[in-house]
Amino acid sequence: MTAGTPGGAGGESAGLRAALSGLTTRGRSFLAAGAAAAVCAFVLGQTALLQVGLLITVLPLICVYALHRTRYRVSGSRRLTPVRVPAGAEARVQLRMDNVSRLPTGLLMLQDRVPYVLGPRPRFVLDRVEPGGRREVSYRVRSDLRGRYPLGPLQLRLADPFGLVELTRSFSTYDTLTVIPRTEPLPAVKLAGESSGYGEGNQRSLALAGDDDVIPRGYRYGDDLRRVHWRSTARYGELMVRREEQPQRARATVLLDTRHGAFDGAGPDSAFEWAVSAAASTLLHLLERGFSVRLLTDAGDALPGDGGGFSAGGGESAEAAGLMLDTLAVIGHSDGRGLDRAHEAVRGGQAGLLVAFFGDLDDEQAGLAARMRQRGGGAVAFVLDQDAWTGRAPYRAARGGPAAEPLDRLREAGWTVLPVPPGAGFGDMWRQAGAGAPDLSSGPAAATGTSAGGRS
């Protein structure tokens, strides 16, 4: 929740000038009528008319001053629920206004600033708020386009009881709505080409590789005294024991091709948005199945994480999923023309299972992609036919979708290649990738004994 208090942009004199500029048509008419009455009274020598003119003239000025002095005594807050929503889903925004002064307010007109992609700008009219009272209103926002959208600042228009002055002020705080890509649950299958050990899930890292490589921890009640590491005990001044053998989570790398020249078209139904949504679904699915996952792009950008960009495991999977989804919410086309950096990032470490989403591939880029596959690791490529997605040509199903020669190079290197036709459901494509393979439920989450992270 955020809170703020309306305030002016300048000093006292600037605030008064701003308040005077807030005179309504009625307030300006009162000033003009009062000035005219005062002039007529002076000319005609009518004292009573002069008093009436002065009263009519002073009344708007009193309202201006009173409204100017009470502008800091109304506080507002905004609650956004949830702060992260999939594209096409709604979020609820709740606004709350509190009258923290000892005097009742006049009519309050409330307006919140929202980007046009989230819908029309919400406006509310609040009746008189008693001293210490509050008013709550709410509205909903939705967007079919992923991204990060600021909500606010909140604008409040104060009016006096006579309707002579209306003063508009803005709060200083705002919130951010993150619209993440659409995701869908994927079937639990073992991907074709994946090794029996599920990437690196069959490997175990020993805490004690040698006397010089030991990673000790503090002694806990019940630890076997035979595991005491005396050298570390002498170094730290407290009893230290060797760590036991610990399972290492299976690793997977999700590669998203973001080259501007590889994708044509824009909008929620474009090929690039399909690839982003599919990558997000893959990340969540692999995290739930117990993999330690990293996200790469053609620029070689790895998200900060445990072990060279790989997400942390266990209970931190939900946090890793949130970080990756936030990244995918704002990811766009890159200016790169090749997959060189992605090739270096994949070949520079143990990628484990590799799932890639490619746009158009020429022979050179297909050669780089083919060399990304590592020995002993599964590799699955989803390739989108841009001519078909943009309607320039029918889908070339007879040739396997996109240009056959680059895809043949991937297959020869051991990739499982699936051309993606326009509007294809990713769940069906994922099932095709694992057609004829055993269920993944006996995979890394069970093999390593590591619990899968929850979906964010």
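Bear in mind that the values in this text are calculations on the coordinates, not laboratory data. All of these numbers come straight from a predicted model, not from anything done at the bench. Counting neighbours? That spans all protein chains shown, and the Cβs are built from the backbone with ideal geometry, glycine included.
Residue separation times 0.36 nm, minus the C-alpha to C-alpha distance between Arg142 and Arg226: what's the value?
Working: separation 84, 0.36 × 84 = 30.24 nm, distance 6.08 nm.
Between Arg142 and Arg226, full extension yields 24.2 nm more.
Could you list which residues have their amide H under 5 Å from that of Ser172, counting only those 5 or more apart in sequence or on another chain, with H placed in the peptide plane?
Thr5
Under the 0.36 nm per residue contour assumption, what length would be gained going from the current alpha-carbon distance of His333 and Phe42 to full extension? List each step's numbers first, then the result.
Details: separation 291, 0.36 × 291 = 104.76 nm, distance 7.43 nm.
Length difference between fully extended and current span is 97.3 nm.
Check Glu166: other-chain or 5+ apart residues with amide H under 5 Å from its amide H, H built from backbone geometry?
Leu23, Thr24
Work out the P(r) tail for region 67-124: percent of alpha carbon pairs separated by more than 20 Å, whole number.
On the way: 652 of 1653 pairs.
Taking all Cα-Cα pairs of region 67-124, the fraction more than 20 Å apart is 39 percent.
So how do 358-366, 122-130 stack up, highest first, on mean other-Cβ count within 10 Å?
Numbers: 358-366: 20.2, 122-130: 14.3.
Averaged packing, sorted descending, gives the order 358-366, 122-130.
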